Amino acid sequence: MTDLPGYGHDHGDDEDTARGKVPVPPHVQDAIRTLIEWAGDDPAREGLIDTPKRVARAWLEYCQGYAEDPSIHLTRTFSEVGGYDEIVVLRDIPFQSHCEHHMAPITGKASIAYLPQNRVVGISKLARVLHGYARRLQIQERLTAEVAQCIWDHLHPQGVAVVIEAQHGCMTGRGVRTPGVGMVTSRLLGCFLADPRSRKEVMSLMGY
Ligand SMILES: [Zn+2]
């Protein structure tokens, strides 16, 4: 397909590298052209000439999480917490992911809480853990569980709670087409799972 006429405006790999852009292999571009054609448009028309490369690079960004181990963000902890022994909450962290069934966007917000056991982590790191798992092909249930488990395994807190509220492009933009419908998932571990009073406290701190 790369030899078809009409793709003459394509920039070579050398030119892309010179401009600091990741080169996109021809077979990846071909795959996206095939999809455009399958959807009913002409991949050779002017507006779509550079689209395969843009789409490919966008997907590298959407799926950046594959290139990292999110637990890396939890390696630097602080034991001097000034006697603080209450719940730490990061509320309404916006995120974007993509569903593994349709590769459609999942957009939403997450609230992450933990009850420290001697050690705390820089608060922005919790958001980084979230993004590390969100920037992959996901289902919301697994994303929620993975974030909670990662914090549980690496920070060794007394409890972890993760609540995610999100809208799924595969539901709002296709299929049953129900915009505005959100899905809520939660994962509770440790004291938040075992003790109803701790659970009530953490859920109310997270706004639920
Ligand atoms: Zn889907």
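Label separation (E141 vs A31): 2.7 nm, computed from points 7 Å beyond Cα along the C-beta direction. Sorted into 10 angstrom bins from 0, the C-alpha pair distances of region 103-208 split as 15, 44, 29, 11, 1 percent. Between the C-alpha center of region 21-95 and that of region 189-208 there is a gap of 32 Å.
Pairs of alpha-carbon atoms within less than 8 angstrom and 6+ residues apart define the contacts here; what relative contact order does region 71-205 have, in percent? It rounds to 25 percent for region 71-205.
Taking one quarter of the surface of the convex hull spanned by the alpha-carbon atoms of the chain gives a direction-averaged projected area of 14.5 nm². Each 5 Å bin from zero holds the following percent of Cα-Cα pairs in region 12-116: 2, 9, 12, 16, 15, 11, 10, 8, 6, 5, 4, 2, 1. Which residue, chosen from L193, A44, A148, occupies the Cα position most advanced towards the positive end of the dipole of the chain, where the dipole is computed from +1 (Lys, Arg) and -1 (Asp, Glu) charges on Cβ about the Cα centre? Value computed over the given set: L193. This model, with +1 at the C-beta of Lys and Arg and -1 at the C-beta of Asp and Glu, gives the chain a dipole about its Cα centre of some 820 debye.
Here, each number is a calculation from the coordinates, and none is a lab measurement. Because the structure is a prediction, the values reported are computed rather than measured. Positions of Cβ are backbone-derived with ideal geometry, glycine not excepted, and every protein chain shown enters the neighbour counts.
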